[in-house]
1. Scan [x] 1.50; [y] 0.91; [z] 0.96 for the value of Cα Rg over 2.2 N^0.38 Å calculated from this model and give just the label.
2. For the pair residue 174/residue 270, report the inter-label distance in nm, with labels modelled 7 Å from Cα in the Cβ direction.
3. About its Cα centre, how strong a charge dipole does the stretch 37-109 have in debye, to the nearest 20, once Lys and Arg get +1 and Asp and Glu get -1 at the Cβ?
4. Lys and Arg at +1, Asp and Glu at -1: add these up for the other residues within a Cβ distance under 12 Å of residue 46 and post the number.
5. Take every Cα pair under 8 Å in the stretch 2-123 that's 6+ residues apart, average their separations, divide by the length, and report that relative contact order as a whole percent.
6. Among 24, 106, 210, determine the one that fluctuates most according to a GNM of the chain built with springs between C-alpha atoms less than 10 Å apart.
7. Which whole-number percentage describes the relative contact order of the chain, with Cα contacts under 8 Å and a sequence gap of 6 or more?
8. Among 180, 239, 168, which residue has its Cα positioned farthest towards the positive end of the charge dipole of the chain, with +1 placed on the Cβ of Lys and Arg, -1 on the Cβ of Asp and Glu, and the dipole taken about the Cα centre?
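Here, each number is a calculation from the coordinates, and none is a lab measurement. Being a predicted model, the structure only gives us computed values, none of them experimental. Cβ: placed from backbone, ideal geometry, glycine included. Neighbour counts: every protein chain shown.
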Amino acid sequence: MDGFQLVFVGGIGRSGSTLIERLLGELPGVCSVGEVVHMWRRSLVDDELCGCGAPFGDCEFWRRVGAAAFGGWDRLDPGDALGLRASVDRTRYVPALLRHDPPQALAAALRRYTALYDQLYTAIAQVSGCRTVVDASKHASLAACLWHRYGRRMRVLHVVRDPRAVAHSWTKRMRRPDATATSPEQEMARYSPGRTAVQWMAQNAVLASLARRGVPTRRVRYEDFAAAPAREFAGIAEFVGHDGVLPIGADGTASLSRTHTVSGNPMRFTTGPVTVREDASWRGGLALRHRMVVSALTAPARRRYGY
């Protein structure tokens, strides 16, 4: 296959992006592979479950991808990939990454780091036979890294949600069903409301900066998507270049197939009928003091996004 189109789903986690990503994967010619940023550790080292239910090392799809990308996963040292990630793909490096000419040492590591992704995305497109590859890694720092390789050829779905709802979700305790007995993360990460508010500001600011630099971007508000899922998803599908039948009905119902996602929200294992509904549990579940903290820290940007 000659070339591919990369769609990057960005935004802070717990914003409803997993369902949008799954629906994108139901479109013809689109292959959605979850949060690729975590595969270097969770898939290659910990052998966690693919979205199909098999351990990563036993999944035929990913075996073929590894062969096409690197000549086999045994030819790739995950320690090198993790080291490269630590050297460039961090929030602390974002100011330099948003420059057109980052420092020489950073630029050299950046070329090596994004080359791994380019080999991987190319192989995913080849093995799946899909023209569009969806990476739902969400991390704005990774989006900034990929911008240096793909520029305006990358499309970004910038998913936002009321920061108070996001903060409430990050306080919940949830088991990771994809974790193995040796996985260091048996539960999904939890953040304090204050830390979530700071991350919400940072992630959204970086993605907005990429849009100002010319990266084709479509902003998706979780609340708008939940209120009118068919209408909102029609716009999303058009943005990624699809103009055919949509996988979601006018009543917000859809049927999800099994997919080969490498990491992400536990919903990546969901198959069969689903109905899009807004989760507004934060209104009664987020303590008043936490709501006040999040509201104060996010006030300027929150109003900009309509909250």
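1. Here the calculated entry is [z].
2. So the two model labels end up 0.9 nm from each other.
3. The calculation lands at about 300 debye.
4. Working: positive: 41, 42, 176; negative: 47, 48, 178, 185.
That sum, taken over residues with Cβ under 12 Å, equals -1.
5. Working: 72 pairs, mean separation 26.9, N = 122.
Value for the stretch 2-123: 22 percent.
6. 106
7. Details: 512 pairs, mean separation 93.2, N = 307.
Averaging sequence separation for qualifying contacts and normalising by length gives 30 percent for the chain.
8. Of the candidates, 168 comes out farthest on the positive side.
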